[in-house]
Amino acid sequence: MHNGAPSSTAAGEQPAIGAYAAIGDCRTLALVSHAGSIDWWCWPAFDAPSVFAALLDARVGGRFALGLPGAAAGHPSYERGTNVLHTRLADAAGAIELIDCMAMHAQEGGGTLAEGPQEIVRIARCVEGTAELQLVFEPRPGYATQVPAFRPAGPGRWIFEAAGAALELWTTATALRESAPGRLEATLPLRAGESHAFVLRAPAGDGSDLATAAEHAEQAVENARRWWLAWSGRCAAAGPHAQAVERSGLALKLLTHAPTGAVVAAPTTSLPESDTGERNWDYRFCWLRDASLVLQAFVELGHLAEGDAFLRWLLHATRSTQPRLQIVYDVRGAPLLPEQELPQLAGYRGIGPVRIGNAASAQAQNDVYGEVLLSARRFVAHGGHLDAHEKRLLANFAQMACRVWREPDHGLWEIRLPPRHNTHSKLMCWAAVDTALWLQAQVGLPVDAQHLAREREAIRAEIEAHAFDARLGSYVGYYGGTAADASLLLIPRVGYLPPNDARMQGTLRHILRTLQVDGLLYRYPPGGAYDGVAGPEHLFAICGFWCVECLARQGRLDEAQRMFERLLALRNPVGLYAEEFRVGDGTPMGNFPQAFSHVGLITAALALAKAGA
């Protein structure tokens, strides 16, 4: 496998999934290609319709491109401790540096994000020789259903409609022309030291001039730099992998929705997990499992405010479904996410369909009670406070775990088969009850401790009777099956068994023997029989990190370190992960950047540090 860097692509071909960096404002996120093109942006929120979607259809999706025609692949990097992106592009005549970010609005006194204008800020500066900067501004709002009409609003200002509201491109460049309906173009000569600024925002109506555009862009970049440095400066990462942990933390913060406290699984939809498109899903929503793991990672890194915000969001989001948890909600807490296909978009590199919404919102996944309660436990263990409402909420979830653990479900991996008895789901119901007992002892969670203790033992008895295969010496993915499932690597983490228990050692052997390829892991046996979805399966990033953690807990530090270094080498050039790696060459596959993958890196790195690696 290669090191995760994208290979060069033919002219006009969509960049590799890994050939993107992300900028955002904790409300929405844009993907910037390594050639300088913004190919994905949904506005005004993660799950809103796209304004740019060339990522999912290079012909009609729309983009905001700044670049040098014929230049070699760019060299992107983030400023250390920030999500301010720099990309250097060069040709025979000279070089330019692109600086990209979104505006960050902090309340007085720092830190906390305040509501403020949403702005994409871009600065293109010639840093060597001369350059012919080419601009293509081609918004296609409504998932490419609209070709907007531009309305000039003064020198360097163009206004158009999107999502029923106006947006404005405000720039120091005055040579823009409408080359076709809904398409602005320009070729902008620059000499070393010269620059142009571009701000995409709601119209301010303030009569700002060209000079103000440059000043505004520079100040917005500086404000964003300060905000991100203040946030990352509170990160408690240490040790040899501190920089990788910090970058993953910054990626996860990009995926948080500051107005509500929700965390999206990824900011994209329908980036294929296979070359056939059967596994194209919309991930722009808050899965309670993913969000709970993200918040556990934040708390471990010292960011308690995110844990508190998530618990407040949880109180709001689950009002309509309590005491039962739905597995996924939108960032505002709506529980129903009907799935539909968008025929106007061909899909990434023509691999359709493009889907919005997610039918998994109707599934039963009983493991979520355990993940939510474990996130609360981690929050309390690190000094967080639960109020009376939050305690009642968590107590209700513990009671629901007692009610549902005997029921079959669709499980962690959202199988599209009839519900079955998934071992991981039983394990997490055990963890929910065990954690509720811990919270009762620590903070007075209002539960019947004797009842919970009986239920905890009943769950354990059933797991041992139906999920452990003595012939294999291993736990199996579901009752009656023999297949390994990488989720069982979490058994030591939740405290069900000590890491070196013979049953856990046997489970790890079974997983490595049957799911490992090229030093990485499938999540379960590929081929579609396990999950009911046709098409090939690829190596799953978080499963490799779970294995690192499990090996570290067992004291197998050399093996853990080797696998961790292999996974680190598969990051893209700016340190981001998709969900999966293609077997054979390590190409990133699936939605990007993926919260699950970055959570895995953080927890694995912390486990290595704790084990002394």
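Tell me whether region 160-171 contains one or more residues that are over 21 Å from Cys42 (Cα atoms) and aliphatic (A, V, I, L, M).
Looking for residues that are over 21 Å from Cys42 (Cα atoms) and aliphatic (A, V, I, L, M), one finds none in region 160-171, hence no.
In this structure, does Ile123 turn out to be within 30 Å of Ala180 (Cβ to Cβ), out of contact with any Phe, Trp or Tyr (no Cβ under 9 Å at 6 or more places or on another chain) and β-branched (Val, Ile, Thr)?
Details: within 30 Å of Ala180 (Cβ to Cβ): yes; out of contact with any Phe, Trp or Tyr (no Cβ under 9 Å at 6 or more places or on another chain): no; β-branched (Val, Ile, Thr): yes.
When the stated conditions are applied, Ile123 does not pass them.
Out of Ala359, Ala432, Ala398, which single residue is surrounded by fewer than 20 Cβ atoms within 10 Å (Cβ to Cβ) and either in contact with a Phe, Trp or Tyr (Cβ under 6 Å, 6 or more places away or on another chain) or not basic (Lys, Arg) (or both)? Spell out the reasoning first.
Working: Ala432 fails: surrounded by fewer than 20 Cβ atoms within 10 Å (Cβ to Cβ); Ala398 fails: surrounded by fewer than 20 Cβ atoms within 10 Å (Cβ to Cβ).
Only one candidate qualifies: Ala359.
Kindly provide the set of residues from region 371-408 that are at pLDDT 95 or above, more than 18 Å from Gly444 (Cβ to Cβ) and not hydrophobic (A, V, I, L, M, F, W, C), ordered by number.
Scanning region 371-408 gives Arg403, Arg406, Glu407, Pro408.
All but one of (1) among the basic types (Lys, Arg); (2) within 18 Å of the chain's Cα centre (by Cα); (3) closer than 30 Å to Val494 by Cα hold for Arg378; which doesn't?
Tallying (1) among the basic types (Lys, Arg); (2) within 18 Å of the chain's Cα centre (by Cα); (3) closer than 30 Å to Val494 by Cα, Arg378 fails exactly one: (2).
Out of Leu490, Leu570, Leu539, I need the residue that is in contact with a Gly (Cβ under 6 Å, 6 or more places away or on another chain) and either more than 27 Å from Arg80 (Cβ to Cβ) or of a type outside the set (D, E, K, R) (or both). Which one?
Values: Leu490 fails: in contact with a Gly (Cβ under 6 Å, 6 or more places away or on another chain); Leu539 fails: in contact with a Gly (Cβ under 6 Å, 6 or more places away or on another chain).
That would be Leu570, the only listed residue that is in contact with a Gly (Cβ under 6 Å, 6 or more places away or on another chain) and either more than 27 Å from Arg80 (Cβ to Cβ) or of a type outside the set (D, E, K, R) (or both).
Residues of region 483-498 being under 11 Å from Leu427 (Cα atoms) and touching a His at 6+ places or on another chain (Cβ under 6 Å), which ones?
Across region 483-498, the qualifying residue is only Ser487.
Restrict the check to region 109-121 and report whether at least one residue is more than 26 Å from the chain's Cα centre (by Cα) and surrounded by 17 or more Cβ atoms within 10 Å (Cβ to Cβ).
To start, the set of residues in region 109-121 that are more than 26 Å from the chain's Cα centre (by Cα) comprises 109.
Going one step further and asking which of them are surrounded by 17 or more Cβ atoms within 10 Å (Cβ to Cβ), we end up with none.
Within region 109-121, not a single residue is more than 26 Å from the chain's Cα centre (by Cα) and surrounded by 17 or more Cβ atoms within 10 Å (Cβ to Cβ).
Out of Gly81, Gly70, Gly110, Gly74, which single residue is farther than 26 Å from Leu188 by Cα, at pLDDT below 95 and in the same structural domain as Ala165 (by TED's automatic domain parsing)? Walk me through it before giving the result.
Values: Gly81 fails: at pLDDT below 95; Gly70 fails: farther than 26 Å from Leu188 by Cα; Gly74 fails: farther than 26 Å from Leu188 by Cα.
Every option except Gly110 fails the conditions.
Sort out for me the helices (runs of 4 or more DSSP H) sitting completely within region 466-582 that have 1 or more residues that are surrounded by 21 or more Cβ atoms within 10 Å (Cβ to Cβ) and of a type in the set (Phe, Trp, Tyr). Please lay out each step first, then the result.
Values: elements: 502-515, 541-553, 557-569.
The helices (runs of 4 or more DSSP H) meeting that bar are 541-553, 557-569.
Looking for something over 16 Å from Leu325 (Cβ atoms) and among the basic types (Lys, Arg) - is there at least one such residue anywhere in region 392-399?
At the first step, the residues of region 392-399 found to be over 16 Å from Leu325 (Cβ atoms) are none.
No, that holds for no residue.
Which of the residues belonging to region 227-270 are aliphatic (A, V, I, L, M) and within 13 Å of the chain's Cα centre (by Cα)?
Quick first cut of region 227-270, residues aliphatic (A, V, I, L, M) only: 229-230, 236-238, 242, 244-245, 250-252, 254-255, 258, 262-266.
Result: Leu250, Ala251, Leu252, Leu254, Leu255, Ala262, Val263, Val264, Ala265, Ala266.
Find the residue count for region 352-385, including only residues that are of a type in the set (A, V, I, L, M) and out of contact with any Leu (no Cβ under 7 Å at 6 or more places or on another chain).
As a first pass, look at region 352-385 and keep what is of a type in the set (A, V, I, L, M): 354, 356, 359-360, 362, 364, 368, 372-374, 376, 380-381.
Narrowing the set further to residues that are out of contact with any Leu (no Cβ under 7 Å at 6 or more places or on another chain) leaves 359-360, 362, 364, 374, 381.
Adding up the residues that qualify gives 6.
Give me the residue from region 500-541 that is among the small types (Gly, Ala, Ser), at negative phi and at pLDDT below 95 and, out of that set, nearest to the chain's Cα centre (by Cα). Can you show your working first?
As a first pass, look at region 500-541 and keep what is among the small types (Gly, Ala, Ser): 502, 506, 519, 527-529, 532, 534-535, 541.
Those still in the list that are at negative phi too: 502, 506, 529, 534, 541.
If we keep only those that are at pLDDT below 95 too, we end up with 529, 534.
Values: Ala529: 27, Ala534: 24 Å.
Here the residue is Ala534.
Quick check, is Gly261 under 30 Å from Glu339 (Cα atoms), buried (at least 16 other Cβ atoms within 10 Å of the Cβ) and free of Cβ contacts under 8 Å to residues at least 60 places away in the same chain?
Considered against the rule, which asks whether it is under 30 Å from Glu339 (Cα atoms), buried (at least 16 other Cβ atoms within 10 Å of the Cβ) and free of Cβ contacts under 8 Å to residues at least 60 places away in the same chain, Gly261 comes out as yes.
Are any residues in region 322-341 part of a loop (DSSP other than H, G, I, E, B), crowded, with 23+ Cβ neighbours inside 10 Å and hydrophobic (A, V, I, L, M, F, W, C), and if so, which ones?
Result: Leu325, Ile327, Val331.
The values are calculated or read from the model by the stated rules, or taken from the named source; none is laboratory data. In this text, all values refer to a predicted model and were calculated from it rather than measured experimentally. Note: ideal-geometry Cβ built from the backbone for every residue, glycine included; neighbour counts use all protein chains shown.
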